[in-house]
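The values are calculated or read from the model by the stated rules, or taken from the named source; none is laboratory data. None of the values given here were measured: they were computed from a predicted structure. A quick note on method: Cβ atoms are made from the backbone with ideal geometry, for glycine too, and the neighbour counts reach across all protein chains shown. Accessible surface is based on the protein model in full, side chains and every heavy atom, while ligands, DNA and RNA are left aside. Shrake-Rupley method; radii C 1.70, N 1.55, O 1.52, S 1.80 Å.
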Amino acid sequence: MKLSNSCYDLLKWLVLIVIPALTTFYAVCDNLFGWGYAEIVTTISAALCTCIGSISGISTAQYNKDK
């Protein structure tokens, strides 16, 4: 499975910047305001990052193999 460059760049941006930033924001706000579910949100976020990272890693491996 090869992703287009724009799709790969988007996934990389999500995994490296957006999802960790939003997760940290939620965890901090949960501590301050007692929103709840911080453990569930951070666990799901970590799983999502791992999944997207794996997909982009598979795509990179396929791209390098075909090169």
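Send over a whole-number figure in Å² for the accessible area per residue of the chain, probe 1.4 Å. Kindly include the intermediate steps, with their values, before the conclusion.
On the way: 4950 Å² over 67 residues.
The answer is 74 Å² per residue.
Run the accessible area of the chain with a 1.4 Å probe and give the carbon-and-sulfur part as a rounded percent. Each step should come with its number before you reach the end.
Details: 3350 of 4950 Å².
Using a 1.4 Å probe with all protein chains present, the chain comes out at 68 percent carbon and sulfur.
If you count only protein heavy atoms and use a 1.4 Å probe, how large is the accessible surface of Val15, to the nearest 10 Å²?
30
Need one number for segment 1-66: average projected area of the convex hull over its C-alpha atoms, nm².
Value for segment 1-66: 4.4 nm².
With a 1.4 Å probe and every protein chain left in place, tell me how much accessible area Ser54 has, in Å² to the nearest 10.
That residue has around 60 Å² of solvent-accessible surface.
Hey, for a label at Gln62 modelled as a point 7 Å past Cα toward Cβ, could you say which residues of segment 1-15 have their backbone N under 11 Å away?
Only 1-4 pass the distance filter.
Give the accessible area for Thr50 in Å² (nearest 10); use a 1.4 Å probe, count only protein heavy atoms, and leave out ligands, DNA and RNA.
The accessible area of Thr50 comes to roughly 90 Å².
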